[in-house]
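The values are calculated or read from the model by the stated rules, or taken from the named source; none is laboratory data. These numbers come from a predicted model, not from an experiment. Neighbour counts run over all protein chains shown; Cβ positions are idealised from the backbone, glycine included.
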2 protein chains.
Amino acid sequence: MRMSTIKDVSRVSGISIGTVSRYLNGHKVKKENQIKIEKAIEELGYKVNLMARGLKTNKTFTVGVIVPSVTDIFSNQVIEGMEEILDSEKYSLIVCSSRNSIETEKEKILFLKEKRVDGIIMMPVSDENEHVHQLLSEKVPVILIDRLLDGVDCDAVVCDNVNGAYRAIEQLIQYGHRRIGIIAGPNNVFTARERLNGYVRALSDYKIPIDDSLIEYALYAKGGGYDGYVKLLNLPERPTAIFATNYETTMTGVKYMMENGIKIGEDISLFGYDNTDVFQMLTPSIATVVQPMNSIGEHAAKLLLQRIDNDYKHYPIVYRLKTKILSGTSIKKLI
Amino acid sequence: MRMSTIKDVSRVSGISIGTVSRYLNGHKVKKENQIKIEKAIEELGYKVNLMARGLKTNKTFTVGVIVPSVTDIFSNQVIEGMEEILDSEKYSLIVCSSRNSIETEKEKILFLKEKRVDGIIMMPVSDENEHVHQLLSEKVPVILIDRLLDGVDCDAVVCDNVNGAYRAIEQLIQYGHRRIGIIAGPNNVFTARERLNGYVRALSDYKIPIDDSLIEYALYAKGGGYDGYVKLLNLPERPTAIFATNYETTMTGVKYMMENGIKIGEDISLFGYDNTDVFQMLTPSIATVVQPMNSIGEHAAKLLLQRIDNDYKHYPIVYRLKTKILSGTSIKKLI
């Protein structure tokens with residue numbers, strides 16, 4: 001059987017080629033026309049749909065996304081946000097996990113190119129940027145999320161990490177804390193560096209000396225920060241508060257304290273990052289820096305679709321979305 | 001530049017064509033040979049790898065997975081389990097969400113076929129099975145997870161839902177509960193029906209009459225079960241315990257009780273499903289039926305790879321993995 005074409009759909013449905021084409025490209029058409037077109041497509045065999053769309057526009061209507069882990073809360077919420085937008089435009093999403101490995105990240109990019117995706121949204125695992133340069137030079141639309149790459153001019157959607165961290169530390173200071181520990185992320189991750197910067201800036205602005213023994217680095221992965229908590233809590237002069245800089249390290253802290261009979265909000269204060277319903281349901285509730293995770297995904301998806309449609313206005317655009325502070329009883333007032 | 005072939009890799013690496021071929025097909029070869037082959041592939045340009053593998057075997061080394069939502073705990077853990085296996089065999093995973101819609105599920109299947117995946121692992125959204133029949137008739141290897149489809153002979157990995165629910169209800173009965181409500185799932189979902197069966201069986205075995213007013217149906221989605229809790233808690237004769245049959249409905253219950261000042265473990269007992277770290281961290285800790293989520297993914301991936309390699313021994317295989325019970329202070333002893 002020869003492949004069906006837009007002309008066939010037009011003939012069978014009695015709808016003009018232009019309208020069929022607009023429908024196949026994902027634009028809205030009159031409901032009655034849509035019904036006729038869909039009926040014709042069904043008669044001709046559904047495959048015509050994706051095929052014809054590809055033929056007409058040379059697009060696959062597929063977007064690739066690469067995140068360090070498909071199982072963490074942050075990635076999940078961001079992907080949910082993307083899906084909202086992409087789904088309504090009839091794009092499919094190929095989700096890949098780089099498993100926090102730069103090698104895997106590179107492999108997944110090749111994989112997505114092989115699958116002929118129309119564009120890629122990615123959360124880079126490290127500062128390494130050559131492969132992203134390569135992508136951009138090949139004119140593949142790319143949107144970075146959560147993390148910028150030094151030396152790469154590229155569209156991106158990130159949060160104001162410095163301010164998020166700054167405000168968390170500021171609140172702790174206002175509650176009388178002076179000895180504040182931090183579970184910082186890996187030094188080669190943009191987001192982690194920014195949050196550490198926010199911590200340093202807030203302390204400096206309030207004339208509190210930076211004490212290196214209060215800064216612990218950890219992986220942003222499940223169980224990350226465990227060693228850091230052990231060290232901070234066994235210091236001769238223990239901090240009165242600890243700031244955990246992402247969801248996993250916050251979770252590790254809550255678990256560590258519970259398991260060791262350390263009362264959060266009494267024995268030690270804990271400020272977390274990346275709220276989920278969960279932190280507010282705990283006793284005590286955990287104060288957190290909240291990122292608009294869904295919104296990151298939505299912005300990234302919209303911007304990508306714009307680039308796929310060859311609209312490169314104001315390139316490169318970097319959205320910096322605002323974080324907010326959610327208070328909790330995990331912070332003890334010392335004054 | 002002409003495309004590199006296995007012969008080129010053999011020539012450059014000095015390793016026999018047979019060994020290169022075995023390596024490219026994902027089999028283990030001696031570490032020293034692997035290094036030489038990888039070096040040769042790198043020199044020739046990485047693309048040879050996937051290409052050659054494809055040429056040689058007609059495979060894409062890609063597996064598709066379709067789950068109702070990419071953001072729920074269950075799907076995530078299952079996918080993580082799959083990745084462990086597939087990654088080590090150098091397969092890539094295309095993750096699709098059917099968004100709890102049978103139409104989307106069908107579209108995603110077409111999408112995955114278009115992407116020429118070697119096989120599909122899917123968690124069907126409903127009892128509708130024609131499209132799965134179609135897939136099987138086209139000799140696409142398919143593994144169902146979590147849910148069986150009536151009238152479809154197909155490999156599958158599911159949990160012993162009936163027993164899981166049975167044992168939860170049994171424990172409640174042993175603690176003196178007689179009036180036990182249930183937030184059951186949608187009636188067109190296999191898993192949900194099985195769990196409801198377990199509830200009914202346990203009550204029957206203990207000669208407790210089934211009271212329809214204690215059975216509420218809910219969507220297995222975020223916020224699912226809210227109306228059910230409202231109804232159960234406002235019954236003239238309130239149940240002393242409620243059994244929530246998946247993660248989301250358990251979460252809804254915890255939130256509802258907290259927001260309405262109802263003390264779990266005192267005013268009412270709550271038995272949940274699908275433990276995460278979180279339920280054990282709450283005060284009180286929530287008793288739950290625990291499914292081996294990672295293991296579901298691992299079993300499904302292994303079985304799929306076997307089928308992709310054309311090993312159809314004992315077809316169809318249905319694994320039924322055991323659940324276990326995790327106790328919690330959310331259950332009050334009435335005796």
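What the table below lists for this structure:
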| quantity | calculated |
| --- | --- |
| Residue in region A:33-83 that is modelled with the lowest pLDDT, counting only those that are outside any helix (DSSP H, G or I) and farther than 30 Å from residue A:191 by Cβ | A:46 |
| All positions within region A:84-101 that are within 10 Å of chain B (Cβ to nearest Cβ) and either in contact with a strand residue (DSSP E or B) (Cβ under 9 Å, 6 or more places away or on another chain) or part of a strand (DSSP E or B) (or both) | A:87, A:92, A:93, A:94, A:95, A:96, A:97 |
| Unique match (being aliphatic (A, V, I, L, M), assigned by the TED database to the domain that holds residue A:239, touching a strand residue (DSSP E or B) at 6+ places or on another chain (Cβ under 8 Å) and touching a residue at least 60 places away in the same chain (Cβ under 8 Å)) among A:169, A:143 | A:169 |
| Flag for residue B:308 being touching a residue at least 40 places away in the same chain (Cβ under 8 Å), of a type in the set (Val, Ile, Thr) and in the same structural domain as residue B:241 (by the TED database) | no |
| Matching residues in region B:253-300 - criterion: being in contact with an Asp or Glu (Cβ under 8 Å, 6 or more places away or on another chain), surrounded by fewer than 19 Cβ atoms within 10 Å (Cβ to Cβ) and touching a residue at least 40 places away in the same chain (Cβ under 8 Å) | B:294 |
| Candidates B:220, B:229, B:247, filtered to the one that is touching a Pro at 6+ places or on another chain (Cβ under 8 Å), buried (at least 22 other Cβ atoms within 10 Å of the Cβ) and of a type in the set (Phe, Trp, Tyr) | B:220 |
| When residues of region A:107-126 are limited to those that are surrounded by fewer than 19 Cβ atoms within 10 Å (Cβ to Cβ) and part of a loop (DSSP other than H, G, I, E, B), the one farthest from the other protein chains (Cβ to nearest Cβ) | A:126 |
| Scan of region B:62-83 for residues that are under 30 Å from residue B:22 (Cβ atoms) and more than 8 Å from chain A (Cβ to nearest Cβ), ordered by number | B:63, B:64, B:65, B:81, B:82 |
| Residue check for residue B:192: touching a Ser or Thr at 6+ places or on another chain (Cβ under 7 Å) and surrounded by 15 or more Cβ atoms within 10 Å (Cβ to Cβ) | yes |
| For residue B:104: the one exception among (1) under 20 Å from residue A:69 (Cβ atoms); (2) within 9 Å of chain A (Cβ to nearest Cβ); (3) modelled with pLDDT of 85 or more | (1) |
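Let's see how each residue does on (1) outside the structural domain of residue B:259 (by the TED database); (2) more than 20 Å from residue B:192 (Cβ to Cβ); (3) modelled with pLDDT of 95 or more; (4) among the hydroxyl-bearing types (Ser, Thr, Tyr):
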| residue | (1), (2), (3), (4) |
| --- | --- |
| B:205 | no, yes, yes, no |
| B:208 | no, yes, yes, no |
| B:211 | no, no, yes, no |
| B:222 | no, no, no, no |
| B:228 | no, no, yes, no |
| B:233 | no, yes, yes, no |
| B:245 | no, no, yes, yes |
